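Okay, structure first, notes after.
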Amino acid sequence: MKYFSLVILFVLFSCGNKETVLLPKSNVTIVSEVQDHSPIYIFFITKDKDTLAEVNRNNSISSTNGIFNIDKRLPLKLVIPEVMKIQEKKRNSAHKNELAENYYSYADSIGKNMAFLPFTKVFYKMEKPEFGHIVFFDKQNKINTIDLLSMKNVLVKKENLQEYLNGLPSDKPHKFIFCFANDLPFGKYIEDEILIQSLKFPIPNINRTNVEFIF
C-alpha cells in the first residue's frame, strides 16, 4: 500500500488543489508491477451541477509504459474520449516504443496492493456496433447479449457468462463485441474488464474483436 499512498500524495501536491483519484477496486491482481512507466491522471471534478473529467497529461511519455490513474466515479462517456486522445497520440508519436504498454491502475482489496490492467490493444468507439454478437454491460450490473443478425436477446448473470459462451450453438461462427453503457462508472468498467479477461478463450466458433463500444 506504500505505492498507493505515494500516488495520492503526488496528486495532492503536484496539482496544488485538493484533488485525488479514487481508484477502482477488485479482489484479484492481473499485473502486479510495471517498470519504466509514466503516470496519467484523470480527476473527478464537479463544477456547479456538472461532473467533469480533468486530465493531467504532463507525465505522458510515448516511449514508456503508460499508467492511467482514473477516478472510479467518472462515467465512461467522460473517461473514454480522453483515453482515446492519449492512445492516439502515443500510437502516432515519432518517438513511440513498440514494446510500451498501456495499463489502468486499480487497488487489489485482498492483496492490499496496486494492480494494473493492460489495455494496449483495445480500440474504443463511442457508438453502437452494426454487426456481431453484443455482450453489453450496463449500470444495473446486468449483462445483456444481443445477436444483431437474429436480434435474439438474452440476459445473463455475470457469474454465468463463461457457461453462456460455452453453450452457444456451433453451427456458425460468432463474432463477439464487448459493449458498455456510457453512464457506467469507471470503477464498474474495471470490474467488468477483469471479468472479461478471466474468460477462457478461445471458445469454439467465437471470434473476439479488440474493439470495444461505448454507447
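In the stretch 64-87 there is no residue that is at pLDDT below 90 and surrounded by fewer than 14 Cβ atoms within 10 Å (Cβ to Cβ).
Of the candidates N210, N160, the single residue that is in contact (Cβ under 8 Å) with a residue 60 or more places away in the chain, loosely packed, with under 14 Cβ neighbours inside 10 Å and not small (G, A, S) is N210. Take the conditions hydroxyl-bearing (S, T, Y), outside any strand (DSSP E or B) and in contact (Cβ under 8 Å) with a residue 24 or more places away in the chain and apply them to Y189. Does it pass? Yes: the conditions hold for Y189.
The values are calculated or read from the model by the stated rules, or taken from the named source; none is laboratory data. Because the structure is predicted, anything quoted here is derived from the model rather than measured. All Cβ positions, glycine included, derive from the backbone under ideal geometry; neighbour counts span all protein chains shown.
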